[in-house]
Number of protein chains: 2
Amino acid sequence: MIYRNGLKRHFRYNIVCIFFVLLIPTGLIAQSDPPFKPISADIISIPSKILGEDRKIYIYAPPADTSMPGKRYPVLYVLDGDNHFSMIAEYCRYLSRKDVKVMPEMIIVGIPNTNRVRDLTPSHSIFDFYGKPDTSSNSRLKASGGGNDFLQFIGSELIPYVDQHYKTQAFKIFAGHSFGGITTINCLLTQPDMFDAYIAISPSFWWDRGYLLNLADKKLTSDRIINKMIFYSDADEGSSEDGSTFHTDLLKFDTIINQRKITGLAHKYVHYPEETHMTEPIKAYYDALRFIFRQ
Amino acid sequence: MIYRNGLKRHFRYNIVCIFFVLLIPTGLIAQSDPPFKPISADIISIPSKILGEDRKIYIYAPPADTSMPGKRYPVLYVLDGDNHFSMIAEYCRYLSRKDVKVMPEMIIVGIPNTNRVRDLTPSHSIFDFYGKPDTSSNSRLKASGGGNDFLQFIGSELIPYVDQHYKTQAFKIFAGHSFGGITTINCLLTQPDMFDAYIAISPSFWWDRGYLLNLADKKLTSDRIINKMIFYSDADEGSSEDGSTFHTDLLKFDTIINQRKITGLAHKYVHYPEETHMTEPIKAYYDALRFIFRQ
């Protein structure tokens, strides 16, 4: 059974506020707009036949627009929902305000993890970050390689649910960081029609000794037509002495994208040398959304 | 009577989540950490004698750390709380997580507006953005010039309340955008001891035909000692044909700061040519906090 959690009600409240607005050129003075409201999300549970487990999903929907009851919204699907959902929802809420308005209001779908290694790896591998096989009996890598099942869950179960229960437009974005980044790129390479735009922040191309980079090399041939958008980025990972190949791998991916000149594939690569693997999402999700909704 | 609103209770809930963490180098793989929780805030009301009105205040406090019951936190005071409070609270919550940890956990105090023009202007002026006098009977500029009373409210009523009711450290930051930006700079110039660090995002130096820039020129003399930090920034305001002086004014302020070489005043100026007056806070608040807590 698919059910909705009633928590949303608890977050709805109103504060009486008086607004004073200075009537000078729009955009040059910050206005007082809605008072503080925490991001409210529906928390639903989808019993996935494909994954064989119930999946919790967070869904933020913009407040109803009484003047436009038929209004529909693009949808942003965010991996690692536990980490980034509420921050991205805050961005989108602010950036779609009528006095900011650099992107449309969106429905934000956060997908938290149950078994991250299983779901966010495109192939089975027992090789760890250092390229060494992990043969320990309790290795989490044992479960790896469920990425394609996970994409099937998103395409066949999650997206239809969201489209059925929310006022969605067809336009959809798929966003991920680290393992989430290789998941969105795997989707672009193998099932590009599932989304319209892809965000891959510091994708873990090291996975399975470069499996996804090899796949990109095979799939992104010059004769392909992919009318999609992709934003990818990395941080300072490559500058440390930890042997990280994040940066060099992403440069290889960028070279493939640039050299093949895929018809219709709009792309942007940003390197954030001042950010770490974990601070990068703050800037990169913002820049990615601005790229996708560039004016 | 000062009272606390009980809304916080409504936002508290728990989701049972199973976390799978891949044991590879810290910081190179996003971890599953706490599940989605919207920012919860106490909403208090302070009956201000100085302002002659009740003021709603939003306060986010980090969840209690049972292993360190005596733990105390720096405090970030944010003007235009209606606009930026929840976004900044999201930043700070994420950036202080144990797997990100580029700044300490903080108490965030959002100050929403009642009469923005009155409170966030350092002087009385009837001159509008275009330098023209607004003599209309309903002009909002009539009320302008309450900025110093407002600072007195913050210093004498708000900060003591927060220090009394929350586990605060002495370290305090004062952050504002636009009119909020001239308010934080006015505080630095006239009552620098009130805060340890100041953030002024696109301060409206145009106010009162350059009142604050003139004040800066007088107050920031070479023989002064101000052991404080200040971050200031602007966006593309100067590149448009609207006659905006945001950029040229901020360059003048930056020149004053640089030439006078005030002892102990750490400062950073960032220009965001790709951002607008209203999108700039997304990047600038982040960069400001990273500057203040640089490692």
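We did not get these values from a lab; they are worked out from the coordinates using the rules stated. The structure presented is a predicted model; accordingly, all values stated were derived computationally and were not measured. Ideal geometry is used to build each Cβ from the backbone, glycine not excepted, and the neighbour counts take in all protein chains shown.
Quick notes on this structure:
- Placing +1 on the Cβ of every Lys and Arg and -1 on the Cβ of every Asp and Glu, with nothing else charged, gives the protein assembly as shown a dipole about its Cα centre of roughly 1120 debye.
- Of all stretches in chain B that contain no GluC sites (Glu not before Pro) in a DSSP loop with at most 14 other Cβ atoms within 10 Å, the longest one is B:1-240.
- Förster-model FRET efficiency, 60 Å R0, A:Asp163 and B:Glu53, C-beta, rounded to 0.05: 0.80
- Sites B:Tyr130 and A:Lys218 - FRET efficiency at Förster radius 60 Å, r taken between beta-carbons, to 0.05: 0.50
- Peptide A:272-282, shielding by other chains (average Cβ, 10 Å cutoff): 5
- Rounded tilt (10° steps) of A:280-292 against the dominant C-alpha axis of chain A: 70
- Computed from Cα atoms, the angle from the helix A:246-260 axis to the main principal axis of chain A rounds to 90 degrees.
- Contour minus Cα-Cα distance for A:Asn258 and A:Ser139 (0.36 nm per residue): 39.1 nm
- Residue with peak Gaussian network fluctuation, chain A [Cα springs, cutoff 10 Å], from A:Phe171, A:Phe36, A:Phe246: A:Phe36
- 13 Å Cα-Cα reach of B:Lys49 towards aspartates and glutamates, excluding residues that sit fewer than 8 places from it in its own chain: B:Asp149, B:Glu157
- Within a Gaussian network of chain B (alpha carbon springs, distance under 10 Å), most fluctuating of B:Pro192, B:Pro62, B:Pro273: B:Pro273
- Distances, shortest first, from the label point of A:Pro104 to those at the same position in the other copies read 4.5 nm; the point lies 7 Å along Cα to C-beta.
- 24 Å Cα-Cα threshold exceeded, pairs from A:Lys101/A:Lys268; B:Lys71/B:Lys172; A:Lys101/A:Lys252; A:Lys98/B:Lys283; B:Lys37/B:Lys98; A:Lys101/B:Lys228: A:Lys101/A:Lys252; A:Lys101/B:Lys228
- Between A:Lys98 and A:Phe171, the simple label model (points 7 Å from Cα in the Cβ direction) yields a spacing of 2.0 nm.
- Relative contact order of chain B, defined on C-alpha pairs under 8 angstrom at six or more residues apart (%): 14
- Angstrom value of the Kirkwood radius, inverse mean 1/r, which spans all Cα pairs in the protein assembly as shown: 25.3
- Between region B:82-117 and region A:151-224, the Cα center-to-center distance that results, in Å: 32
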